Amino acid sequence: MGEVPLPAEWYYVGHYGQLGPLTFEQVNELARDGVISPDTFVWKAGMGDWRQAQEVPDLRATVSMVSVELMPPPVPVIPMRTAMPNASPVYAQQNASMVQGSWSYLDSNVPKSDKNRVTAGLLNLLPGVGRFYLGYAAHGALQLFTALFCGIGFVWSVIDGIYILMGGVKYDGYGRVIQD
């Protein structure tokens, strides 16, 4: 006899409003991926009001574990050139690469999206479709609306598609890094 699926009864507030219903397993997976953080508001049937995930006993362990794992290391302190007037340009270049490397570390800890930048950019040749694909429903709807009723949405959508293709949009609507 097969397992009885759990009811999808969880909701959370994401970047663009309330999302759900979700099963408990789906909520836990989003918490493990860092999409639901300790301060994300969640709700399910039986709870009086929306509460932060860190305050919900069922989620407390998952979100606290993830918040520790996703903390980046401290940015290295690099002395200013004025503090070392005789420092060589090589020294300054080496330290600049250290700082630049620390920012790439921050992106490496963000979950990866299943969405693709090229696909999104090409889909955006149809007003708003690329934005819908990335999870930016409000942005996509606005482009579609302006294309249908004002005509300017076509131009905006093409420019936005080029912007997406050039890497101007780094994250999907759920905060995950878009694939190149």
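All of the numbers you see were taken from the coordinates with simple rules; none came from a lab. The shown structure was predicted, so the numbers you read here are calculated from the model rather than taken from an experiment. FYI the Cβ positions are ideal-geometry reconstructions off the backbone, even for glycines, and counts take in every protein chain you see.
May I ask you to sort 176, 32, 131 by Cβ crowding, counting other Cβ atoms within 10 Å and putting the fewest first? Can you show the working numbers first?
On the way: 176 20, 32 15, 131 26.
Placing the least packed residue first, the sequence is 32, 176, 131.
What the phi angles of segment 149-160 give under the Karplus curve with 6.51, -1.76 and 1.60, with θ = phi - 60°, is a coupling list of 10, 10, x, 6, x, 5, 5, 4, 5, 5, 4, 5 Hz, glycine and proline written as x. Panel note: the C-alpha atoms of segment 112-179, placed on their principal axes, show extents of 36, 20, 14 Å (largest first). Ordered by the number of other Cβ atoms lying within 10 Å of each residue's own Cβ, fewest first, 139, 15 fall into the sequence 15, 139.
Placing a label point 7 Å from the Cα of residue 141 along the Cα-to-Cβ line, the residues of segment 8-24 whose backbone N sits under 18 Å from it are 12-21. Sequence-ordered 3J(HN,Hα) estimates for segment 169-178 from the Karplus curve with 6.51, -1.76 and 1.60 and θ = phi - 60° stand at 9, 9, 10, 7, x, 9, x, 9, 6, 6 Hz, glycine and proline given as x. For segment 10-69, the dipole from Cβ point charges (+1 on Lys and Arg, -1 on Asp and Glu) about the Cα centre works out to 100 debye, to the nearest 20. Backbone amide hydrogens, once placed in the peptide plane, bring residue 36 within less than 5 Å of 31, excluding anything fewer than 5 places away on its chain.
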